[in-house]
1. Rg to Rh ratio, segment 225-276, alpha-carbon atoms and Kirkwood radius?
2. Per residue of segment 198-205, in order, report the coupling 6.51 cos²θ - 1.76 cosθ + 1.60 (Karplus, θ = phi - 60°) as ³J(HN,Hα) in whole Hz, putting x for Gly and Pro.
3. Residue by residue through segment 250-260, which ³J(HN,Hα) values in whole Hz follow from phi under the Karplus form 6.51 cos²θ - 1.76 cosθ + 1.60 (θ = phi - 60°), with glycine and proline marked x?
4. If we sort 110-122, 192-204, 141-153 on the protection proxy, mean other Cβ atoms within 10 Å, highest first, what's the order?
5. How do HIS287, HIS83 rank by accessible surface area computed with a 1.4 Å probe, from largest to smallest?
6. Too long at a 24 Å Cα-Cα cut-off: which of LYS265/LYS296; LYS66/LYS296; LYS66/LYS265?
7. Quick one: which of 278-284, 67-73, 291-297 comes out on top by average Cβ neighbours within 10 Å, and what's the full order, highest first?
8. Stretched out fully, how many nm does the piece from ASP258 to SER206 gain, at 0.36 nm a residue minus the Cα gap?
Amino acid sequence: MGNAWCRRRSSLEDSGRTRLLECACHSSTHAEGEKAKGEETGPEERKEHRAWASAATSFHQLRQRKFTDETLSEAYTFLTILHRRSASNWCSLPDLVCRNVCSFLLVPICSTFVHWTQSEFVTPSPSHRGLKIQPSVLGGVARCGPRMAPGSGVYEIEFDVHAVGYADGGFCRVDIGLVLADKVVSRRCDSGLRWEAGDGDVHLDSDIGGLDASGQSGWLGDDKVIETGILPRWDGRSNVGLVFDTYDHVLQFKFHGDVMPYSRKLPNDIKAQFVFSWDLGSGGIVHIRQFRRMVKI
């Protein structure tokens with residue numbers, strides 16, 4: 001009886017220790033962004049999350065993941081060898097030390113601008129979450145966020161854009177979209193998909209299938225300015241965004257917080273990256289308002 005009680009007590013201590021250490025991978029300060037115990041989530045936040053998750057993917061259970069898969073795997077491996085049954089010398093480490101080790105191992109997913117062309121005309125903010133782009137004789141492309149592989153999650157990014165410069169007699173040629181992550185891109189519409197600010201039109205490159213039934217690169221509306229685009233125009237001060245579901249390979253568009261009815265099915269095998277791009281004579285100030293990644297559980 002005594003031995004059984006001791007074994008049960010040891011088991012409870014192990015499970016409690018594991019839960020305690022796993023907080024280093026799932027708390028709001030060290031990892032996965034869960035709410036601290038006792039903190040309430042407001043009804044508006046819960047409503048927004050349910051609406052976004054429902055619109056973004058057919059899977060019902062998604063969980064936010066703020067860290068790279070590689071470092072999260074390393075942290076879980078570390079947690080495994082801490083278990084008393086592993087007979088490791090690490091088992092006797094204090095819980096505070098273990099938390100600090102997990103915090104050191106975990107690397108946040110990139111949520112900033114990582115590379116841009118025409119650097120002499122681009123001024124980044126100290127955090128690299130914002131760019132000030134001066135109109136120039138050449139356009140450019142700024143990549144942001146991580147490389148999004150098939151089946152790696154549902155990615156959402158939102159931009160605040162204002163002080164936009166105009167070209168071509170008052171037409172705004174700046175865009176948001178995505179490019180193939182492994183492709184060298186120096187010009188505005190060299191790869192992937194773009195949502196243009198000036199008229200809401202969408203450009204599709206041949207590397208993601210091109211225009212329907214043709215496979216050729218081009219605009220869904222017209223090469224010229226159109227009156228009504230397939231998406232809203234956003235050439236004023238705007239909040240625009242993208243949602244890329246790498247499970248179903250679907251790209252959706254957000255305008256001032258609302259998911260638009262139009263979506264685009266993309267090839268199943270592409271590895272993509274979000275971009276902000278601009279054409280000659282256009283520019284502006286852009287800031288990454290929000291970036292998050294949700295994964296299946």
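1. Across segment 225-276, the Cα-based Rg/Rh ratio is 1.00.
2. Taking θ as phi minus 60°, the curve returns x, 9, x, 6, 10, 9, 10, 8 Hz for segment 198-205.
3. Here the 3J(HN,Hα) series is 10, 9, 10, 10, 10, 10, 6, x, 9, 7, 6 Hz.
4. The most tightly packed comes first, giving 192-204, 141-153, 110-122.
5. HIS287, HIS83
6. LYS66/LYS265
7. Per-residue mean Cβ counts within 10 Å order the peptides as 278-284, 291-297, 67-73.
8. 15.9 nm
The values are calculated or read from the model by the stated rules, or taken from the named source; none is laboratory data. If you're wondering where the values come from, they're calculated on a predicted model, not measured in any experiment. Ideal geometry is used to build each Cβ from the backbone, glycine not excepted, and the neighbour counts take in all protein chains shown. For the accessible areas, the whole protein counts, side chains as well, though only heavy atoms, and no ligand, DNA or RNA atoms are used. Shrake-Rupley method; radii C 1.70, N 1.55, O 1.52, S 1.80 Å.
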